[in-house]
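Here is the structure we will look at, set down as structure tokens.
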Amino acid sequence: MQTKRLFIFLLFLGILGFFSFSNINNPAQKPFIVVLDAGHGGKDPGNKGNGFIEKDIVLDVVLQVGALLEKEPNFKVIYTRKTDVFIELNERGPVANRADADLFVSIHCNSHNTQAYGAETFVMGVDKSGKNLETAKKENEVIFLEDNYEEKYAGFNPNAPESLIGLSLMQEEYLDQSIMLAGLIQNNFVNNLKRKDRSVKSAPFWVLHSSYMPSVLIELGFLTHNTEGSYVNSKKGRKEMAQEIANGIISYRKNIALATNNAQNPIITKEEINEAIETTEEKIYNEVVFKVQLAASSKKLDPKPQNFKGLEDVTRNKEGNLYKYYYGDTSDYNKIQLLKTYAQEKGYPSAFVVAFKKGEKVKLSEILTSEDQ
Ligand SMILES: [Zn+2]
């Protein structure tokens with residue numbers, strides 16, 4: 001009965017949320033601007049695995065994504081290229097900056113000298129494992145085709161993508177939102193198209209590093225893989241992937257509109273959340289601590305409420321090269337769900353629950369499916 005109350009409460013929030021974002025169709029609003037970047041072009045064909053041509057496939061997919069978005073109310077689409085032309089890598093991000101775009105989406109196809117396959121979506125960032133550097137290196141390599149690249153890309157060695165990390169990283173600030181968009185697209189690929197999930201990853205891509213907005217780079221699949229290459233190149237494959245990318249972008253806009261709206265005009269108060277916590281049955285997992293991750297950044301911020309949209313008792317933890325900022329600290333899974341909803345309401349649309357066991361971060365799915373609660 002008590003658990004039922006929790007779900008009714010969350011459902012109630014969802015319905016309020018639906019009505020509060022219904023004004024995104026208001027034509028007076030600034031359009032939501034998406035810059036679509038078809039990788040490569042002109043003298044740079046991209047990869048040619050199995051004889052398929054990356055620059056042609058990605059242009060076709062980009063044009064289809066754009067056509068789908070343009071059918072939606074209040075979307076504006078800008079293309080870095082609409083034809084088979086060569087565009088320098090450092091010209092692509094600035095197109096988005098000049099347009100004051102809300103999103104930058106770069107689309108590519110992968111290649112490998114093995115039969116590796118699957119779809120993956122990247123955000124800009126460090127790659128501690130080093131495994132993603134190979135992909136970043138291949139996509140950065142086009143710089144060698146440009147005139148005077150040593151001058152234009154001073155301090156950056158395309159053969160050592162890590163060197164990009166030393167340069168200024170504008171993308172840091174948008175990491176959470178980029179991860180949210182990447183996750184939505186990746187989920188659509190995996191759930192709706194049954195593609196192999198190579199997951200959301202971070203790596204230093206030049207094309208992503210200079211834009212002032214959430215940005216992702218999609219690797220549609222491996223042209224070098226015998227069956228996946230044919231799928232990615234096929235009319236059916238291109239159409240399906242374009243639809244799922246467009247749907248991911250549309251969901252992203254809804255999430256952002258909802259969060260912005262709620263942050264300005266909160267539909268639930270701290271008191272209401274506290275009351276919901278008190279009246280909801282506990283669901284305790286022994287030796288487990290749940291927290292809501294609000295943000296990840298290389299910036300060391302004081303976790304005081306002013307820095308976190310008024311949220312109290314935010315904690316900071318250094319993990320690898322990043323500081324992670326958490327809200328809430330409880331062994332009660334029902335309570336953390338309510339706190340997550342509250343954090344999303346306060347303007348952290350991509351907030352999510354993480355679990356720690358004996359101080360170590362563990363997968364939430366492992367905790368929730370384990371028997372010994
Ligand atoms: Zn590419």
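Among V362, V200, V126, whose mean-square fluctuation peaks in a Gaussian network model of the chain (Cα, cutoff 10 Å)?
Largest GNM mean-square fluctuation: V362.
Find the accessible area per residue for the chain; the probe is 1.4 Å, ligands and nucleic acids are left out, and the unit is Å².
47 Å²
From the P(r) of the stretch 63-202, could you give the percentage of C-alpha pairs in the tail past 20 Å?
Cα-Cα pairs in the stretch 63-202 separated by more than 20 Å: 56 percent.
Which of I165, I218, I245 moves most in a GNM of the chain, Cα contacts under 10 Å?
Checking each option, the largest mean-square fluctuation is seen for I165.
Can you list which of the chymotrypsin sites (Phe, Trp or Tyr not before Pro) found in the stretch 209-278 are DSSP loop residues with at most 16 other C-beta atoms within 10 Å?
Sites meeting the loop and neighbour criteria: Y212.
For the chain, give me the percentage of DSSP beta bridges that are antiparallel, rounded to the nearest 5 percent.
Of all bridge pairs located within the chain, approximately 55 percent are antiparallel.
Checking a compactness column here: for the chain, what do you get for Rg(Cα) / (2.2 N^0.38 Å), N being the number of residues?
It is 1.04.
How far is it, in nm, from the label point at K235 to the one at K128 when both lie 7 Å from their Cα along the line to the Cβ?
Placing both labels 7 Å beyond Cα along the Cβ direction yields 4.7 nm.
Could you tell me whether the stretch 307-360 comes out rounded, prolate or oblate from its Cα gyration tensor? Rule is a ≥ b ≥ c as square roots of the eigenvalues, rounded for a/c under 1.5, then prolate if a/b exceeds b/c, otherwise oblate.
oblate
Classify the stretch 142-259: rounded, prolate or oblate, from the alpha-carbon gyration tensor (a ≥ b ≥ c, eigenvalue square roots; a/c under 1.5 rounded; otherwise prolate if a/b is larger than b/c)?
Verdict is oblate for the stretch 142-259.
Among all the aspartates and glutamates, which ones have a C-alpha under 20 Å from K196's C-alpha, if same-chain residues fewer than 8 places away are not counted?
E54, E120, E134, E219, E228, E240, E244
Given the C-alpha centroids of the stretch 100-170 and the stretch 43-82, what is the distance between them in whole angstrom?
19 Å
Distance check, please: which entries in K291/K335; K283/K304; K131/K324; K318/K361; K138/K201; K131/K194 exceed 18 angstrom between their Cα atoms?
Distance filter (> 18 Å) returns K283/K304; K131/K324; K131/K194.
What net charge do the residues around V232 carry, taking every other residue with its C-beta under 15 Å from that of V232, with Lys and Arg at +1 and Asp and Glu at -1?
+2
At a 1.4 Å probe radius, carbon and sulfur cover how many percent of the accessible area of the stretch 31-259?
Carbon and sulfur together cover 50 percent of it.
How high is the relative contact order of the stretch 115-229, in percent, counting Cα pairs under 8 Å that sit 6 or more residues apart?
Relative CO of the stretch 115-229 lands at 51 percent.
Which of G320, G66, G347 moves the most in a Gaussian network model of the chain with Cα springs under 10 Å?
G320
Highest mean first, what order results for 54-61, 78-85, 332-339 on Cβ atoms within 10 Å?
My ranking of the peptides, most packed first, is 54-61, 332-339, 78-85.
To the nearest whole percent, what portion of all C-alpha pairs in the stretch 268-369 is separated by more than 22 angstrom?
Distances greater than 22 Å cover 28 percent of the Cα pairs.
Taking amide H positions as placed 1.01 Å from N in the peptide plane, with prolines and chain starts having none, which residues 5 or more places from F122, or on another chain, fall under 5 Å of its amide H?
K201, L217, I218, E219
Loop only by DSSP, 11 or fewer other Cβ within 10 Å of the Cβ. Give me the trypsin sites (Lys or Arg not before Pro) in the stretch 83-136 that pass, ordered by residue number.
Listed in order of number, the matching sites are K128, K131.
GluC sites (Glu not before Pro), restricted to the stretch 212-321: which are DSSP loop and have at most 16 other Cβ atoms within 10 Å?
Within the stretch 212-321, the qualifying GluC sites (Glu not before Pro) (loop, at most 16 other Cβ atoms within 10 Å) are E281, E282, E287, E312.
Give the relative contact order (percent, whole number) for the chain; include only Cα pairs under 8 Å separated by 6+ residues.
Relative contact order of the chain: 18 percent.
Would you kindly work out the equivalent ellipsoid of the stretch 84-124 from its C-alpha gyration tensor and give its semi-axes, the square roots of five times the eigenvalues, largest first in whole Å?
27, 14, 8
The values are calculated or read from the model by the stated rules, or taken from the named source; none is laboratory data. What you see is a predicted model, and the numbers here were worked out from it, not measured in a lab. Cβ: placed from backbone, ideal geometry, glycine included. Neighbour counts: every protein chain shown. To get the accessible areas, we keep the full protein, side chains included, count just its heavy atoms, and leave off ligands, DNA and RNA. Shrake-Rupley method; radii C 1.70, N 1.55, O 1.52, S 1.80 Å.
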